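One structure is given here, and the rest of the page talks about it.
Only the coordinates and a few stated rules stand behind these numbers; no lab work does. Remember, predicted model here, so these are calculated numbers, not experimental data. Cβ: placed from backbone, ideal geometry, glycine included. Neighbour counts: every protein chain shown.
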Amino acid sequence: MKTSLTEILNWEEKFRLKFINSISGYKGVHLIGSKNSNNETNLAIFNSIVHIGASPPLIGFIMRPLTVERNTYNNIISTGFYTINHVHRAFLKQAHYTSIKFPLNISEFDACKLNEEYSNTFFAPYLKESNVKIGMKLKQDIKIESNGTRLIIGEVNEVVVNDEFIETDGQIDLEKAKDICVTGLNQYSSVTKHINLPYARLSEFTGIKDKERPDNVVFDEENQTYNASLRPYGTNIGAPSIKATGVSAWINTNVNSFNHNFQNKIELIKNDYQALLSEYETNDMLYKSSINFEPIIGKEYHLYYSEKKGGNFLSLIPPSSWKMEHIGSYILNNDKIWKKISA
């Protein structure tokens with residue numbers, strides 16, 4: 001597929017969001033812990049943690065625009081301290097649901113059944129379940145003018161990590177710690193080490209060989225192993241040559257055709273499933289919101305979020321008429337199914 005910015009901007013919103021979030025590749029998953037001056041704690045999941053520098057040790061992360069209340073941001077700005085905690089497979093689901101917009105008086109630690117942990121020398125709460133925890137002090141808050149997001153840069157003030165995960169050269173073994181990474185917003189993967197290469201120095205560079213191994217060496221590039229003994233045919237130079245018969249060619253052609261058709265059907269099923277799931281989530285959200293009137297079929301309604309009302313509520317008032325947090329606009333069809341109206 002080749003596409004342009006104009007085409008991307010015309011895509012369906014959810015598809016565009018997931019596509020753009022995933023093209024940057026795998027990202028680390030972390031929980032940022034903070035608390036305000038009233039000792040109300042907050043825990044939020046982020047996938048934008050980035051190394052800034054080692055001397056002094058600086059780490060940054062991206063905060064979304066401040067168009068709505070951002071408890072993590074408010075806590076960091078008011079106190080100057082926060083923690084970055086690695087996410088592991090054992091509590092991934094709990095970590096994922098910290099992205100819910102809980103009211104200020106409800107801590108994500110409590111709501112998601114995770115535990116606070118404190119150091120005698122640090123203000124902000126750590127996540128007890130995490131094997132790698134970092135105590136951060138705010139250094140810079142930089143607004144990115146292009147889209148209103150903010151780059152929050154902090155200095156590493158304290159690190160808590162199990163000794164068993166630290167290798168002799170100082171590297172942390174994230175596979176052993178059972179770290180999780182993510183593509184997009186909700187497609188999680190396990191961390192697996194592939195290969196350690198030496199530090200790249202010009203003085204030691206001898207060029208890249210056209211071939212790492214001769215043709216007669218059977219090597220599995222994906223698993224980085226020699227596997228000649230596992231092959232069902234001879235692999236040495238003196239082994240009988242393998243020739244495809246007419247029948248074999250016919251089979252290969254038809255198998256490829258079958259696989260292509262089967263894959264297309266699978267993709268259609270996946271697309272239908274995703275559309276159905278999205279429709280269910282939309283209607284589940286709408287029917288669980290506060291509705292103080294009987295909606296009329298075919299009429300446009302607007303969904304808002306309010307901390308004072310304790311969650312989502314449906315209204316006839318358009319978003320241009322007030323400054324409530326607008327989630328989306330919807331119409332109820334004859335089947336009593338809510339359909340989102342594109343902005």
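Calculation over all alpha carbon pairs of region 285-340 in 5 angstrom steps from 0 returns a P(r) of 4, 20, 33, 25, 12, 4, 0 percent.
Using a 10 angstrom cutoff on alpha carbons, build the Gaussian network for the chain and name the most mobile of Glu307, Glu204, Glu155. Its mean-square fluctuation being the largest, the pick is Glu204. As a rough guide to protection, the peptides 84-92, 192-200 ranked by mean Cβ packing within 10 Å, highest first, stand as 84-92, 192-200.
For the chain, what is the calculated [θ] at 222 nm in deg cm²/dmol (nearest 500), taking -39500 (n - 2.57) for each run of four or more DSSP H residues and dividing by its residue count? Show your work: numbers first, answer last.
Working: 6 runs with 77 residues, N = 343.
That comes out to -7000 deg cm²/dmol.
Maximal additional length on extending the Phe293-Ser146 stretch stands at 48.8 nm, based on 0.36 nm per residue less the C-alpha distance. Dimensions of region 261-320 from C-alpha coordinates, computed as largest minus smallest value along each principal axis and given longest first, are 51, 26, 23 Å.
Evaluated at q = 0.07, 0.08, 0.10, 0.14 Å⁻¹, a Debye calculation over the C-alpha positions of the chain (equal weights, vacuum) places log10 I(q)/I(0) at -0.47, -0.60, -0.87, -1.31.
Between Val161, Val68, Val255, the GNM of the chain built on Cα springs shorter than 10 angstrom shows Val255 fluctuating the most. Note on the chain: with a GNM built from Cα contacts shorter than 10 Å, the maximum mean-square fluctuation among Phe102, Phe258, Phe123 falls on Phe258. In loop segments of region 121-166 as defined by DSSP, the trypsin sites (Lys or Arg not before Pro) with at most 14 further C-beta atoms inside 10 Å of their C-beta are Lys128.
Assign unit charges at the C-beta atoms only (+1 for Lys and Arg, -1 for Asp and Glu), then state the dipole size of the chain relative to its Cα centre in Debye, rounded to the nearest 20. With only Lys, Arg, Asp and Glu charged at Cβ, the dipole is about 620 debye.
Karplus-based coupling profile of region 272-279, in residue order and whole Hz: 5, 5, 5, 5, 5, 5, 4, 5, with θ = phi - 60° in 6.51 cos²θ - 1.76 cosθ + 1.60 and x standing for Gly or Pro.
In this label model, Ile20 and Leu268 are separated by 3.2 nm, measuring between points 7 Å along each Cα→Cβ vector. Which residues among region 175-191 fall inside the zone where the amide N is under 20 Å from a point 7 Å beyond the Cα of Asp284, along Cα→Cβ? So the set is 185-188.
For Tyr199 and Glu175, a Förster radius of 22 Å and the Cβ-Cβ distance give a FRET efficiency of 0.60, rounded to the nearest 0.05. Across all directions, the average projected area of the convex hull around the alpha carbons of region 13-190 is 10.8 nm². Look at the dipole of the chain built from charges on Cβ: of Gly33, Thr206, His260, the Cα furthest out on the positive end belongs to His260.
Can you tell me how much longer the chain between Asn120 and Asp163 gets when fully stretched, taken as 0.36 nm per residue apart minus their C-alpha distance, in nm with one decimal?
Numbers: separation 43, 0.36 × 43 = 15.48 nm, distance 1.97 nm.
Result: 13.5 nm gained on full extension.
Could you work out the relative contact order of the chain, using alpha carbon pairs under 8 angstrom and six or more residues apart, expressed as a whole percent? Numbers along the way, then the final one.
Working: 488 pairs, mean separation 41.5, N = 343.
After rounding, I find 12 percent.
Where a Cα-Cα gap under 25 Å defines reach, which lysines qualify for Lys143, not counting those fewer than 8 residues away within the same chain? Within the straight-line cut-off, Lys143 pairs with Lys18, Lys27, Lys35, Lys101, Lys323. Maximal additional length on extending the Ile62-Thr6 stretch stands at 17.6 nm, based on 0.36 nm per residue less the C-alpha distance.
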